[in-house]
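What follows is a short report on a single structure.
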Amino acid sequence: MEDMKDDRDPKLMVVALGGNALLRRGQRGSIEEQYGNVTITSRWLADLVDEGYRLVITHGNGPQVGATLLRHEAGQKLYGIPAFPMDVCGAETQGFIGYMIQQTLRNELKARGLDKYVITVVTRVIVDEDDQAFENPTKPVGPFYTKDEAERIMEGHPGFIFIEDSGRGWRRVVPSPDPKIIAERYAIRTLVDAGFIVVASGGGGIPIVEKDNEAKGVEAVIDKDLAGERLATLIGASRFVILTDVDAAYLNYGTPSQKRLGVIEAGELEGYYLEGHFKQGSMGPKVLASIRFVRNGGSEAAIGALNKALDVVKGKAGTHVVP
Ligand code: ADP
Ligand code: MG
């Protein structure tokens, strides 16, 4: 297949959904809560389909994969059912979150009389086995433990690393390597060209490394916004839209002198990024992903509020990063 980067589809848009698309603050994570939130999210997504955009949807999975890891651990403790590693738990969450989006978005499209269908692709993302991140795990995952519990788990699992997480307890940390290639990119673009709305690269994708022509899952977590950029670039999307719980990217965020960014060139934004205006692990990767997307030939990346999705896409709200 030819390089899809050189075959940009002007109507193809990758939309990255933040954690608030699935869970709201204070909710515990029942399926009723998540399904209810996704139902509302799907209305906003359907507005974009109504506008004539071809959508590829990606999403976070932090709280969900944390819960899945816990279920596996509890299953092992209580029933002796072997716990699965992180890559497999990531695949589980891609499946159930994709199912909720397929169901609620298709219901909404059907109600609007739109003849469009939604499909989820279990997506692997290739990372570099020499990535510095593997020497320096930084991403906290799963439940909090006491120091004793953490030490016991580390004894049983060589290679597991725990850190004290801001006074709240001990938590496992895993590497967060930089995503390189979306393994399923051709399948995703083929489905888009056939008219499907595709859910892909959920939770930043399942991290794999390739060695001697063999791919293997690794215990790591990829940032969903950085993976979203790879997805958008490699399938030839023209736009990359990051929807979250804040209305824009700000300079001096959270201070009296905070300033909302509207339309901004990638070069200028990179200056602010290097000055440290955007927090690592939250707004930082969104800004970096946006800069990368336009540098790699995309027309525009946007960052804005989920509940203003259509306004963000129409340029009436949010931060818009241009080449
Ligand atoms: P998501 O689940 O959508 O990825 P994150 O919590 O990772 O959400 O990122 C969004 C959060 O980034 C906002 O709620 C906000 O508190 C935080 N943030 C950090 N720095 C900034 C900034 N400079 N401008 C706007 N928001 C920022
Ligand atoms: Mg985030």
Relative packing of peptides 240-246, 86-92, 47-53, 66-72 - highest average C-beta neighbours within 10 Å first: 240-246, 86-92, 66-72, 47-53
Low-density loop positions, GluC sites (Glu not before Pro), the stretch 1-48 - DSSP coil, at most 16 other Cβ in 10 Å: 2
Cα convex hull of the chain - mean projected area over all directions, nm²: 17.7
Quarter of the Cα convex hull surface for the stretch 1-91, i.e. its orientation-mean projected area (nm²): 8.7
Rg/Rg_ref, the stretch 10-57, where Rg_ref = 2.2 N^0.38 Å and atoms are Cα: 1.30
The chain, helix-only ellipticity at 222 nm - DSSP H runs n ≥ 4, -39,500 (n - 2.57), divided by all residues, nearest 500: -12000 deg cm²/dmol
Crossing angle, helix 224-234 versus the chain [Cα axis fit, 0-90 degrees, rounded to tens]: 50
Rounded D (µm²/s) - the stretch 131-229, Kirkwood Rh over Cα pairs, Stokes-Einstein at 25 °C, 0.890 mPa s: 158
On Cα atoms only, tilt of 147-156 relative to the major axis of the chain in degrees: 90
Peptides ranked, highest mean first, by Cβ atoms within 10 Å: ranges 115-128, 220-233: 220-233, 115-128
Efficiency of FRET from Cβ geometry, residue 257 and residue 96, R₀ 41 Å, rounded to 0.05: 0.45
R0 of 30 Å, Cβ-Cβ distance residue 136-residue 32: FRET efficiency to nearest 0.05: 0.15
Degrees, to the nearest 10: 86-111 long Cα axis against longest axis of the chain: 30
Linear extension gain, residue 275 paired with residue 214, 0.36 nm per residue minus alpha-carbon span: 17.9 nm
Mean separation of Cα contacts under 8 Å, 6 or more apart, over the residue count of the chain: relative contact order %: 22
Separation of the residue 5 and residue 194 label points, Cα + 7 Å toward Cβ, nm: 2.6
Nitroxide proxy distance, nm - points 7 Å out along Cα→Cβ at residue 51 and residue 24: 2.4
Ordering of 281-292, 141-152 by packing [mean C-beta count within 10 Å, highest first]: 281-292, 141-152
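Every number here is computed from the coordinates shown, using simple stated rules; none is lab data. Keep in mind it's a predicted model, so treat the numbers as computed, not measured. Please note: Cβ atoms are built from the backbone with ideal geometry, for glycine as well, and neighbour counts cover all protein chains shown.
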